[in-house]
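First the structure, in the form of structure tokens, and then the observations on it.
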Amino acid sequence: MDADLIVQILFAAIKTGTPLLFIALGEVICEKTGVLNLGQEGMMLMGAVVGFLAAYSTGNMGFGVIAAMLMGSIMSLIFAVLVLHVGANQVATGLALTIFGTGLSAFVGADYVGKTLQGFQPIAIPVLSDIPYLGRIIFNHDILVYFSFFMTGLLIFVVNKTRLGLTIKAVGENPNAANAIGIKVLKVRYLAVMFGGAMAGISGAYMSLVYTPMWVEGMTSGRGWIALALVVFASWRVGRIMLGAYLFGLASIMHLVLQGLGLSISPNLLAMLPYVATVVVMVIISADHFKEKLLAPRSLGKPFNPRNMA
Amino acid sequence: MKAQTSVSRLELIGLTKQYPGCLANDDISITLQPGEIHALLGENGAGKSTLVKTIYGVVSPDKGDILWNGKEVNIKSPSIARELGIGMVFQHFSLFETLTVSQNIELCLSKKQLSQIDDLDSRINTLSEEYGLNVDPTRYVHSLSIGERQRVEIMRCLVQSVKLLILDEPTSVLTPQEVSGLFDVLRILSKEGCSVLFISHKLHEVTEICDQATILRGGKVVDTCVPNDETPASIAKMMVGDLAEQDAGYSKKEGSKTLFTASNLSLSSKQPFGTALKKINFDLKAGEILGIAGVAGNGQDELMAILSGEDDRNVGSALLMNELEIGHLHAGERRKLGMAYVPEERLGRGAVPDMSLTENTLLTHSKGFVSKGLVQWQGVKDYTNQLIEKYKVKCHGEFSEARSLSGGNLQKFIMGREIGQDPKVLICAHPTWGVDVGAALAIHQALLELRDQGAAILLVSEDIDELFLLADCMAAVCDGYLSPQVKTEDTNIDQIGQWMAGTFINEQASTTQPQSPTKEAVI
């Protein structure tokens, strides 16, 4: 295996990991405020189909991305109203959102199946892309990948260095206490859920505008679920999510690597790898109850109703 | 400002708050002067918490006015209250365990307040020294003891330079030594002109520190007094309405044969912020009550869980009941051997919230009410009604859901249910927590009766006064260690207080060190 192949593999790992990174970044913020949104897959599919539609009909890729983010937020707003306002069960509502999004995206995109787009083109960053190996792996991507780098950095800063980050953590850990000191718990949760929706939307857009620039029914193939596992894998730390996303990306292109090594294993078997990796990671993390409790936002999945505060 | 000393700090006029089915506050008027330490007294459910939450902006009143420094204000939210200079320390702390002390304090400050402070950490350090609070801004809250957490809450108010500090039962979680530390802080604050509103159940504390007291009953102000001129007994009379029989102490007994033994019981905690049990030894004798004192969170929960079998880890021969090894038995098997258990958490562990009282009775009653696999409902109902009557449980009837009862009433029911099984060994947490004076008396009598019948009883409580009243033998827990067991007559509040603060741990350690013979001699 020569150096060139390794560079290609790592380049592809980043590309494959990017949609996971987007959606998991959204979900981690959402979970940090204590809301578990299992509707990721549905929001992502809706983002993918609406993004494709918008880009296809206007010919403007940027417009497609924005439309996808908006669609994602709208989907998450439905979830937020049901869960935060009406007080519906988070798990059931999230699952319903996924089923709803899967069906609706297939319906909306039915006429567009098989049509293709000229996706975002890679932009080589001057100087940086000339760094041997590293330049070709990291600095020769399309604009959305750079945006994902930026978002990761931004969220690390916000979560660890700002008052907004403190507020988010406080709401997720103890909403009653947060309410008592005057934080508007529901407002924070609404915004976090909608941020999660927007990130799921852009993640879907990455699939239909960049990764495979076309619309196919169910094209996200479970990435929304992997993202949920990824958040646990990263133990709710933003930085680790980036690392995890690229590892998962690498796992899903493993068949390329093995072919490069001259091993012939059924590609179907290898396609399972990221899912197997997910299960293994979940088992390892869940085995240590103690740690799991310490790391997870304490109010995760639990409803909060300010009217019950007597 | 000097000219305005005649203006009262806070004036409440006719505050009324109606909850569905309950008038929590009924036309309450109270006045607080600057620098005054004012006690708010009353039994559970008298409306104290609702009143202070109204002042702090958590609850909005239906009627009535609040004057702050002579001006009418509308306190719509806690942040408005804090801007005015009102700070509150909650009974159940409102701290975030995964954040540091200074992050916790920062969250409470408005942007304006924050901009006035150059460096929050150094401000905390300065205040910490000034008031003797001993709070380190860089530590994570989950690593702090309960007393330290309370000081963080107080610090949170001090940083905002409060003019009124509200404390909701601040001493119930502190050791006697920590209480006197808290009182020192309150006295400094009062001298600086900060008013303090102090909710407490402990009357000797009120007579010690408060300048004024207001007594609430059933949501109304029934009396006011100057605590200095009163005795705890006379204030208690105002609280309950009629003079309840407050015995100085029940007769003490000495047990006969050992029914239950814990030997060298060490166990890690299942909770991330829990306390591990360390080499716990004690004997429960037939016809004797052992009281274990301690500040909450020092291993009581873990101890209760492992004794009852709720924590299903096998501890083998560390637990003996009637000379039988029970460390491997689960909770149900231990009950069959004659153990009864009253957990601290009433709703959810002591009783199933959605089930009726009848069904909850049946849950722990294995004998009698089931024949050939069929439930004898009439028998269970009759028995439940007897319990309701005997322990004066306020409810609609035996069909009421457990969740519909108030905490104190449910406690009475659970105590009655467990005592009614004539257990050989009763393990019990906070027997009269939240229970009014009259019913507490009934529970005490039932416990003593059970003891006199030859049962071994373990009481774990934070209420030292009650333990001294009931227990024949005393011990204390601190940080998962259990102190030696002593006869109640041979000890006093000071010694138990010292033990609750952990002094016995060093003493025990030093006895194993040969180079300190002097200390050995003392012991």
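The values are calculated or read from the model by the stated rules, or taken from the named source; none is laboratory data. Remember, it's a predicted structure, so these values are computed and weren't measured experimentally. When we count neighbours, we look across all protein chains shown, and the Cβ atoms used for this are built from the backbone with ideal geometry, even at glycine.
Before moving on, here are some points about what is shown:
- Boolean, A:Met207 is farther than 30 Å from B:Tyr56 by Cα and assigned to a helix (DSSP H, G or I): yes
- Close contacts from segment A:174-192, counting a first residue that is within 26 Å of A:Met75 (Cβ to Cβ) and a second that is at pLDDT 90 or above and part of a loop (DSSP other than H, G, I, E, B), with Cβ to Cβ under 8 Å and a gap of 6+ residues or different chains, come to A:Pro175/A:Gly34; A:Val188/A:Thr33; A:Arg189/A:Thr33; A:Arg189/A:Gly34; A:Arg189/A:Val35; A:Ala192/A:Thr33; A:Ala192/A:Val35.
- Residue tally, condition buried (at least 21 other Cβ atoms within 10 Å of the Cβ) and either more than 13 Å from every other protein chain (Cβ to nearest Cβ) or touching a strand residue (DSSP E or B) at 6+ places or on another chain (Cβ under 6 Å) (or both), over segment A:183-193: 3
- Residue that is farthest from the other protein chains (Cβ to nearest Cβ), among those in segment B:41-74 that are touching a Gly at 6+ places or on another chain (Cβ under 7 Å) and crowded, with 22+ Cβ neighbours inside 10 Å: B:Ala46
- Filter result (at positive phi and in a strand (DSSP E or B)) within segment B:184-205: none
- In segment B:143-159, the count of residues that are touching a Gly at 6+ places or on another chain (Cβ under 6 Å) and within 14 Å of chain A (Cβ to nearest Cβ) is one or more.
- Evaluation of A:Met151 against the conditions (1) modelled with pLDDT of 90 or more; (2) surrounded by fewer than 17 Cβ atoms within 10 Å (Cβ to Cβ) shows that the sole unmet condition is (2).
- Exactly one residue out of A:Trp236, A:Trp225 is within 14 Å of chain B (Cβ to nearest Cβ) and either in a loop (DSSP other than H, G, I, E, B) or farther than 30 Å from B:Leu109 by Cβ (or both): that is A:Trp236.
- Remark: B:Ile419 falls outside the filter, which requires a residue to be of a type in the set (Val, Ile, Thr) and touching an Asp or Glu at 6+ places or on another chain (Cβ under 7 Å).
To keep it simple, each residue is scored yes or no on (1) hydroxyl-bearing (Ser, Thr, Tyr); (2) within 14 Å of another protein chain (Cβ to nearest Cβ).
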position	(1), (2)
A:Tyr146	yes, no
A:Leu154	no, no
A:Ala170	no, yes
A:Ile181	no, yes
A:Gly196	no, no
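- Hey, B:Arg313 under 29 Å from the mean Cα position of the chain (by Cα) and either within 26 Å of B:Gln411 (Cβ to Cβ) or of a type in the set (A, V, I, L, M, F, W, C) (or both) or not: no
- Residue selection: B:Leu307 fails the criterion of being assigned to a strand (DSSP E or B) and in the same structural domain as B:Leu458 (by TED's automatic domain parsing).
- Hey, B:Ser461 surrounded by fewer than 22 Cβ atoms within 10 Å (Cβ to Cβ) and hydroxyl-bearing (Ser, Thr, Tyr) or not: no
- Applying the condition of being touching a residue at least 40 places away in the same chain (Cβ under 8 Å) and either at the interface with chain A (Cβ under 10 Å from one of its Cβ atoms) or not polar (S, T, N, Q) (or both) to segment B:101-129 and asking which residue is farthest from A:Ile181 (Cα to Cα) yields B:Ile117.
- Segment B:394-426: number of residues that are of a type outside the set (Ser, Thr, Tyr), more than 21 Å from the chain's Cα centre (by Cα) and not in a helix (DSSP H, G or I): 13
- Residues being modelled with pLDDT of 70 or more and either under 30 Å from A:Leu82 (Cβ atoms) or surrounded by 13 or more Cβ atoms within 10 Å (Cβ to Cβ) (or both) - total across segment A:275-310: 18
- Residue, farthest from A:Val65 (Cα to Cα), within segment A:88-121, restricted to residues that are more than 21 Å from the chain's Cα centre (by Cα) and surrounded by 14 or more Cβ atoms within 10 Å (Cβ to Cβ): A:Ala88
- Check on A:Asn160, within 14 Å of chain B (Cβ to nearest Cβ), surrounded by fewer than 20 Cβ atoms within 10 Å (Cβ to Cβ) and more than 30 Å from A:Ala124 (Cα to Cα): yes
- Residue check for B:Ser94: crowded, with 21+ Cβ neighbours inside 10 Å, assigned to a loop (DSSP other than H, G, I, E, B) and within 9 Å of another protein chain (Cβ to nearest Cβ): yes
- Members of segment B:280-301 found to be modelled with pLDDT of 90 or more and either part of a loop (DSSP other than H, G, I, E, B) or not small (Gly, Ala, Ser) (or both), listed by number: B:Ile280, B:Asn281, B:Phe282, B:Asp283, B:Leu284, B:Lys285, B:Ala286, B:Gly287, B:Glu288, B:Ile289, B:Leu290, B:Ile292
- Sole residue being surrounded by fewer than 14 Cβ atoms within 10 Å (Cβ to Cβ) and among the polar types (S, T, N, Q), chosen from B:Gln421, B:Gln378: B:Gln378
- Filtering B:Thr171, B:Thr126 for residues that are over 17 Å from the mean Cα position of the chain (by Cα), assigned by TED's automatic domain parsing to the domain that holds B:Glu192 and not hydrophobic (A, V, I, L, M, F, W, C) leaves a single hit, B:Thr126.
- Subset of segment B:137-157 (residues that are surrounded by 20 or more Cβ atoms within 10 Å (Cβ to Cβ) and without any contact (Cβ under 8 Å) to a residue 40 or more places away in the chain): B:Pro137, B:Arg151
Table: residues versus (1) farther than 23 Å from A:Val81 by Cα; (2) touching a helix residue (DSSP H, G or I) at 6+ places or on another chain (Cβ under 7 Å).
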residue: A:Thr152; (1), (2): yes, yes
residue: A:Lys161; (1), (2): yes, no
residue: A:Thr167; (1), (2): no, yes
residue: A:Glu173; (1), (2): no, no
residue: A:Val185; (1), (2): no, yes
residue: A:Phe195; (1), (2): no, yes
residue: A:Ile202; (1), (2): no, yes
residue: A:Val216; (1), (2): yes, no
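- Flag for B:Glu310 being among the charged types (D, E, K, R), in contact (Cβ under 8 Å) with a residue 24 or more places away in the chain, under 24 Å from B:Ile419 (Cβ atoms) and crowded, with 22+ Cβ neighbours inside 10 Å: no
- Scanning segment B:265-286 for residues that are within 22 Å of the chain's Cα centre (by Cα) and polar (S, T, N, Q) yields B:Ser269, B:Gln271, B:Thr275.
- Matching residues, segment B:464-486, being within 22 Å of B:Leu307 (Cα to Cα) and surrounded by fewer than 18 Cβ atoms within 10 Å (Cβ to Cβ): B:Asp479, B:Pro484, B:Gln485, B:Val486
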